[in-house]
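Below is one structure; the comments refer to it alone.
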Amino acid sequence: MKKIVFLFISLISFVLPLYAQYQYISEDIADEAIYEFLDEMANEKFIEINSAIKPYSKMFISGKLLELKEKQENLNKRQRKMLLFHMQNYCLERNELPTGTYLNLVKNESVSLAVLPPAFYYKDSLFRVKINPVLGVTVQANKNGTLYQRYWGANFEGMVGKGFAIYGSLRDNNLKNEILVEPPYLTLGTGGAYKRSDDGKSADFSEMTGGITYSWKWGNTGLIKDYVAWGDNYHGSNIFSGNAPSFPMIIFNMKPADWFELNYFHGFLTSNVIDSTDYYIGPDNKKEYRYRNKYLAANMLTFTPIKHLNIGLGNSVIYAERTVKVGYLIPIMFYKSIDHSSTMGSENQNSQMYLNISSRNIRHLHLYASIFIDELSVERFFNEYHNFISYKGGATLSNWPIQNISLTGEFTYSDPLTYKHKVLNTTFESNGYNLGHYLRDNSREIYLALTCKPYSTLQVKASYTNAVHGNEYAYKDGKSAVATPILQDKTWSNLTLSLQARYLFLTNLQISMGIEYSDIRGYDIDSPVEYDEIRMTGKQYLNKFTPAFYQGRNTTFNFGVNYYF
């Protein structure tokens, strides 16, 4: 750990003399409204973004909103109103205090303290700060019962000088009647480290994100704890999904030219694997064991050969050494090669590669594709065996031929044993949650969505999801693993029709409601057991992959009120 701190301080010392221009404070990937707005503006070719790498920084978002303000005569009436609405959230990045506030307790050139929306702002020539509460409640109901989720907490954002930033967000969550996101479940959503009730149906958990960062004109670095979502998508990425709980990481990002960008992080994961040699003595001389170390190094190199076309190439490695390996702290490395050098003659670590292509060269149209390669052999393309690869492709058409309407189609397909690994401590997981696509391996999904925005702060979305999961295999032997049949039997399926509405009432105050019809089933299989298959009954598959609340045919109503940033 001392080596990590030393390297980080050395890096800071290197960039400190450079002219600093931006601070890095990440925007929560759960704030869908701003991400969707920037995506729409990029589809219209008003701005350029690298939508494969999230979260964005608040300063980056502020800069894009200022670009749009200069082009607002090209925006339609709804888009102009939405632009002004979002700009209120990023006033501090422009070195301004908010203007659209009500019931101000204090308001002068340096301080703003308002009741609506509730927030404290302060700025001077050196220091800018924002503190605000976060709170929300969501209710879902169908024939299986009623579920509640509430959270409350606070956010802090501080910017010092021209480059340093420190920020944090703490949320205390309570789930009532059932936990909807567990490691085995094939559901979209962010997991947590739950403190369960005695009956196991309710839980509390806290989630803290934040960090300290330093930025300069063409890059930034920092020590943060956050979520990571890599790969273009509109319904779950197949590279890094952001569904696992947040984890600490060292980040380094640079964009020295318009045609090149590098994103890197080194993460400290939670293995959930007991280390029998690492323990302390608790009450009654009981040994309290700790988890084994687990680390993740990942990079993505994005090239832009022509405007609005991004080609991203990246690789990552999950390793489980007693200490951090310096080679994996180098942002530009091909980590599989380092792994071969350092573990020759013993079990290799778990490495991955990925490719992401995003094109917005045709106005209104976003075309994208991503490939996640878990294990690859060229010979398998020419025989009966298969590689461990996940494919995703899709398109979204915005504001054509009808203004304020968008249509999205997305297809995802993953080979058996993708995201799995035969060594328990180097699986593609943190806290037991898969870091990749939410359907995991041996699966297929078709997703369609029609989005209507009749008013600047109102969105109505109708969507169709058809997902299938195949046989479950244990990764025990490499030879049998590559021979497993792809989607030979259907073990689980999800057909969902959804209609959701979202209204942004005040700055960062969101009201949502919707209705959803779903048919989620598990299936009995009559074929012989082969290739280390984990065979279960249809009911067991259903219980493994789906919370009881969603099992079978259901019409579910949901309502939520959230104030988050």
Practice problem: Please work out which one of (1) aliphatic (A, V, I, L, M); (2) open to solvent by 70 Å² or more (accessible area, probe 1.4 Å); (3) over 22 Å from Gly219 (Cβ atoms); (4) touching a strand residue (DSSP E or B) at 6+ places or on another chain (Cβ under 6 Å) is the condition Ile362 fails and give its number. | Solution: (4)
Quiz item: among the polar types (S, T, N, Q) and open to solvent by less than 40 Å² (accessible area, probe 1.4 Å) - does that describe any residue in the range 42-50?
Solution: yes
Quiz item: Residues in the range 50-59: is at least one within 27 Å of Val228 (Cβ to Cβ) and in a helix (DSSP H, G or I)?
Solution: yes
Quiz prompt | Residues that are of a type in the set (Ser, Thr, Tyr), open to solvent by 60 Å² or more (accessible area, probe 1.4 Å) and closer than 30 Å to Lys201 by Cβ, drawn from the range 93-152 | solution = Tyr148
Self-check item: Any hit, the range 413-427, residues being in a strand (DSSP E or B) and of a type in the set (Gly, Ala, Ser)
Solution: yes
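Give the residue that is most open to solvent (accessible area, probe 1.4 Å), with candidates limited to residues of the range 262-289 that are assigned to a strand (DSSP E or B) and within 30 Å of Asn356 (Cα to Cα).
Phe268
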Quiz item: In the range 190-235, how many are open to solvent by less than 70 Å² (accessible area, probe 1.4 Å), hydroxyl-bearing (Ser, Thr, Tyr) and not in a loop (DSSP other than H, G, I, E, B)?
Solution: 5
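Which one is nearest to Leu458 (Cα to Cα) among residues in the range 520-547 that are loosely packed, with under 14 Cβ neighbours inside 10 Å and in contact (Cβ under 8 Å) with a residue 24 or more places away in the chain?
Ile534
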Quiz item: Of the numbered conditions (1) among the hydroxyl-bearing types (Ser, Thr, Tyr); (2) touching a helix residue (DSSP H, G or I) at 6+ places or on another chain (Cβ under 8 Å); (3) not in a helix (DSSP H, G or I), Tyr122 satisfies every one except a single condition; which is it?
Solution: (2)
Quiz item: Which one of the conditions (1) assigned to a helix (DSSP H, G or I); (2) free of Cβ contacts under 8 Å to residues at least 12 places away in the same chain does Tyr328 fail to meet, given that it meets all the rest?
Solution: (2)
Quiz item: Restricting attention to the range 125-141, does a residue exist that is outside any strand (DSSP E or B), under 30 Å from Asn558 (Cβ atoms) and touching a Gly at 6+ places or on another chain (Cβ under 9 Å)?
Solution: no
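Residues are listed down the side, and each one gets a yes or a no for (1) closer than 22 Å to Leu186 by Cα; (2) touching a residue at least 40 places away in the same chain (Cβ under 8 Å); (3) among the aliphatic types (A, V, I, L, M):
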{"site": "Asp415", "(1), (2), (3)": "yes, yes, no"}
{"site": "Asn425", "(1), (2), (3)": "yes, yes, no"}
{"site": "Leu458", "(1), (2), (3)": "no, yes, yes"}
{"site": "Ala467", "(1), (2), (3)": "yes, yes, yes"}
{"site": "Val482", "(1), (2), (3)": "no, yes, yes"}
Practice problem: Could you please let me know if Thr190 is under 23 Å from Tyr419 (Cβ atoms) and touching an Asp or Glu at 6+ places or on another chain (Cβ under 9 Å)? | Solution: yes
Quiz item: Take the residues of the range 24-49 that are outside any helix (DSSP H, G or I) and of a type in the set (A, V, I, L, M, F, W, C): which is farthest from Gly168 (Cα to Cα)?
Solution: Phe46
Quiz item: What is the residue count in the range 507-518 for residues that are among the hydroxyl-bearing types (Ser, Thr, Tyr), within 22 Å of Gly552 (Cα to Cα) and open to solvent by less than 50 Å² (accessible area, probe 1.4 Å)?
Solution: 1
Exercise. Kindly indicate whether Asn173 is touching a residue at least 60 places away in the same chain (Cβ under 8 Å) and in a strand (DSSP E or B).
Key: no
Quiz prompt | Subset of the range 318-335 [surrounded by fewer than 22 Cβ atoms within 10 Å (Cβ to Cβ), closer than 20 Å to Ser430 by Cβ and not acidic (Asp, Glu)] | solution = Ala320, Arg322, Thr323, Val324, Lys325, Leu329
Exercise. Considering only residues that are part of a strand (DSSP E or B) and open to solvent by 90 Å² or more (accessible area, probe 1.4 Å), look in the range 290-317 and name the one that is modelled with the highest pLDDT.
Key: Tyr291
Exercise. Kindly indicate whether any position in the range 491-506 is part of a loop (DSSP other than H, G, I, E, B) and open to solvent by 20 Å² or more (accessible area, probe 1.4 Å).
Key: no
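Out of the residues in the range 464-481 that are modelled with pLDDT of 85 or more, part of a loop (DSSP other than H, G, I, E, B) and open to solvent by 10 Å² or more (accessible area, probe 1.4 Å), state the one that is nearest to Tyr447 (Cα to Cα).
Initially, the range 464-481 is screened for residues modelled with pLDDT of 85 or more, giving 464-475.
Cutting the leftovers down to part of a loop (DSSP other than H, G, I, E, B) gives us 470-472, 474-475.
Those left that are additionally open to solvent by 10 Å² or more (accessible area, probe 1.4 Å): 472, 474-475.
On the way: Glu472: 23, Ala474: 28, Tyr475: 29 Å.
Among those residues, the one meeting the criterion is Glu472.
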Practice problem: Considering only the range 153-184, state which residues are crowded, with 17+ Cβ neighbours inside 10 Å and under 19 Å from Ala119 (Cβ atoms). | Solution: Gly153, Asn155, Glu157, Gly158, Met159, Ala165, Ile166, Tyr167, Gly168, Ser169, Arg171
Quiz item: If we scan the range 179-188, do we find a residue that is within 30 Å of Trp492 (Cβ to Cβ), without any contact (Cβ under 8 Å) to a residue 12 or more places away in the chain and hydroxyl-bearing (Ser, Thr, Tyr)?
Solution: no
Self-check item: Flag for Glu157 being acidic (Asp, Glu), touching a helix residue (DSSP H, G or I) at 6+ places or on another chain (Cβ under 8 Å) and part of a strand (DSSP E or B)
Solution: yes
Practice problem: Under 6 Å between Cβ atoms, at least 6 apart or on separate chains: pull out the pairs that start in the range 350-373 with a residue that is of a type in the set (Val, Ile, Thr) and end on any residue that is in a strand (DSSP E or B). | Solution: Ile357/Ile311; Ile357/Ala369; Ile371/Leu355; Ile371/Tyr391; Ile373/Met353; Ile373/Ile389
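The values are calculated or read from the model by the stated rules, or taken from the named source; none is laboratory data. Predicted model, so just to flag it, every value in this text is computed and none were measured. Here the Cβ is made from the backbone with ideal geometry for all residues, glycine too, and neighbour counts use every protein chain on show. What goes into the accessible areas is simple: the full protein's heavy atoms, side chains included, and nothing from ligands, DNA or RNA. Shrake-Rupley method; radii C 1.70, N 1.55, O 1.52, S 1.80 Å.
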